[in-house]
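A short worksheet on the structure shown next.
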Amino acid sequence: MNRRHCATAAITLVCALALLTSTGQAMAAPVPDPSPSPSSSSPADSTPRYSTAELEKVREQIETLYRKAGAATDAYNLAEEQTKKQSGEIVKLAKAIVDGQARIAALKDRAGAQAREQYRNGGLPPGAQLALSNDPKLFLDGINKVRQSQQASKSLLSDLNQTQQDLETYTQDASANWEKLETNRVKQAKAKKKINAQIKAAEKLESQLEKKERDRLLQLERDAADKAQTAWLSSGAVKDVSGEASEAGAAAVAFATAQIGKPYVWGAEGPGSYDCSGLTSQAWLAAKRPIPRTSQEQWRLLPRIDIQDMRPGDLIIYHADASHVGMYVGDGAIVHAPRPGRNVTLAGAGSMKILGVVRPDK
């Protein structure tokens, strides 16, 4: 009976895990309690509730959930960064509008001054006044003044029209940017909701495991990482990698390795905790080389290099969706912030699926 109850609980958990990650049902079904029934557990029973194969499926599902949450976190962080930039642009546009309005007011004052001057001269334009003059010298001396006045009036009118057009453009740009800002705000809210749901699902799965199972789960993580690292090294991928760190790269490595032991926290940028791209971006900021905040933007915007050309300080981007990043520190190793429940640590550079390598100071 004990084995039958264990098998039933294991199958129920795996089915629930499949529901968690299926499209449209990601967080719809509650995870059943994997605890064994009272008849199947006793102080004297040391038989594991799950076989290694079953617990490996649990590990893979939890890893998938956290990786999806990591991708959503990057999308959220990027949207937040873009919103901040747009807010700055809106401030600039608002200032341009104020400046434009002030310029229009000044031009109108000049136009009013010309009108008042004409009124003081009896309402006649300067040309008519000269034509009625009997003084040839006054007539000749005033020709240039007439021309200058005509050019000034023409220039004044042109400036006024152009400034009004610019002001209309600024207003349209401001409206468009506000719409983008609101779109990003909604996007952030949806991303954050998705992140929270995925984190809760993964945390719930882990919390329902007993301590000995969580220990076995951690060991399975290490075994999987060691296996991948061994295969990567055996492939000769780093056989000719011998580059030395640049001055900035060495500073970035020094900063990142000094954070070893600090916990992973979603969206954190230190100093007490980090997520994966928070660690790498802050390390390069400490080296006085600001880089994009998210792993996806680091992959998109930073110069790419071949693995054979790697040197300490370069960033290795992982998974097809660029959802994870670590910093290469030499000897086939990286320093990275793995996931919630884990701390900043050293790991094999080939322990995860490599997408590519980027160099912040190329």
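The values are calculated or read from the model by the stated rules, or taken from the named source; none is laboratory data. Small disclaimer: the values here were computed from a predicted structure and weren't measured. Cβ: placed from backbone, ideal geometry, glycine included. Neighbour counts: every protein chain shown. The protein model used for the area step is the full one, side chains on, heavy atoms only, and it has no ligands, DNA or RNA in it. Shrake-Rupley method; radii C 1.70, N 1.55, O 1.52, S 1.80 Å.
Applying both filters, DSSP loop and at most 12 other Cβ atoms within 10 Å, to the GluC sites (Glu not before Pro) of region 174-251 gives GLU244.
Heavy atoms only, probe 1.4 angstrom, no DNA, RNA or ligands counted: give me ILE316, ILE291 ranked by accessible area, highest first. Walk me through the intermediate numbers first.
Details: ILE316 0, ILE291 25 Å².
Most to least solvent-accessible, the answer reads ILE291, ILE316.
Here's how it looks for LYS262: its modeled amide H is under 5 Å from those of VAL344, which are all 5 or more places away or on a different chain.
Estimate the FRET efficiency between ARG185 and GLU60 by the formula 1/(1 + (r/R0)^6), using the beta-carbon distance for r and 35 Å for R0, to the nearest 0.05.
Values: r = 35 Å, r/R0 = 1.00.
The value I calculate is 0.50.
Under a point-charge model restricted to the Cβ atoms of Lys and Arg (+1) and Asp and Glu (-1), what is the dipole moment magnitude of region 222-362 relative to its Cα centre, in debye to the nearest 20?
240 debye
Counting heavy atoms of the protein chains only and a 1.4 Å probe, report the per residue accessible area for region 155-290 as a whole number of Å². Intermediate results must be reported in sequence, preceding the final value.
Details: 7940 Å² over 136 residues.
Each residue of region 155-290 exposes 58 Å² on average to a 1.4 Å probe.
Report the full-extension gain for the segment LYS92 to GLN219: residue separation times 0.36 nm, less the Cα-Cα distance, to one decimal in nm. Don't skip to the end; give the middle numbers.
Values: separation 127, 0.36 × 127 = 45.72 nm, distance 5.40 nm.
That works out to 40.3 nm of additional length.
Rounded to the nearest 0.05, what FRET efficiency do ALA228 and LYS204 have when you use their Cβ-Cβ distance and R0 = 41 Å? That pair, ALA228 with LYS204, gives E of 0.95. Excluding same-chain neighbours fewer than eight residues apart, the lysines reachable from LYS194 by a Cα-Cα span under 16 Å are LYS68, LYS204. Legend: calculated FRET efficiency, ALA111 to SER175, from the Cβ-Cβ distance at R0 = 25 Å, rounded to 0.05, equals 0.30.
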